[in-house]
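> The structure is given below, and queries will be raised subsequently.
Please treat every number below as a calculation from the coordinates, not as lab data. The model shown is predicted, which means the values in this text are computed figures rather than measured ones. Note that we place each Cβ from the backbone using ideal geometry, even for glycine, and neighbour counts take in every protein chain shown.
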Amino acid sequence: DEAHTFCCPSGKKILKYLDEVAPNCRIIYATATPFRNAGNGRTSGLGEIADSVIYELSLNDAINLNYLCPIEGYALPPRWPEGTEDVAKILDTDEHNDAVVAKHIEHRRDGKPTPGIAFCTGVQHAINLAARFEHHGIRAAAVWDSSEGAGKCPDRDGRVAEAMAGRI
């Protein structure tokens, strides 16, 4: 799994080494992320490392087979001018975060809080958005992966457990 990680230089180095030490070895790749950000607005696929696709399950098929929930997207303010590079400065504002909270409230089921996950521009944005949810009386917590150099998330396991139990 995670075959897309082999498209980077270190992954290609591993594949080259495997080819040298076990030239008859066959590799089966699996990934949920066949296309990656290649920088400068470009994407790269597995074509560099995989000869063919044996099986592919599209996002729509996965939803129709009930493997995934349907995607709901909502447009939120503000709109920003093309060419703006620092998305965090635009999205991590009280105005935008309050709009996220308002959409969450609007889409509650039977007036009850609906569980949700917000993907943010970074750790500080996640902390600020959670604070806006709390400000509006909705329990929330920021959770992040410390492997990205952002520092350790306090009580990460506890926060995840609270979310899984429906308390956040």
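> I'd like to know which of I168, S146, I127 lies farthest towards the positive end of the charge dipole of the stretch 104-168, counting +1 on Cβ of Lys and Arg and -1 on Cβ of Asp and Glu.
The residue sitting most towards the positive pole is I168.
> Under a point spin-label approximation (7 Å from Cα along Cα-to-Cβ), what is the H136-H107 distance to one decimal in nm?
Between H136 and H107, the label points sit 1.2 nm apart.
> For K89, go through the lysines and keep the ones whose alpha-carbon is under 21 Å away, minus same-chain ones fewer than eight residues off.
The qualifying lysines are K103.
> Once phi is turned into θ = phi - 60°, what whole-Hz ³J(HN,Hα) does the Karplus curve with 6.51, -1.76 and 1.60 give for every residue of the stretch 55-72, x standing for Gly and Pro?
Those phi angles translate into 8, 9, 10, 6, 4, 4, 5, 4, 5, 5, 8, 6, 7, 10, 7, x, 8, 10 Hz.
> From the P(r) of the stretch 95-168, could you give the percentage of C-alpha pairs in the tail past 22 Å?
Details: 573 of 2701 pairs.
For the stretch 95-168, the share of Cα pairs beyond 22 Å comes to 21 percent.
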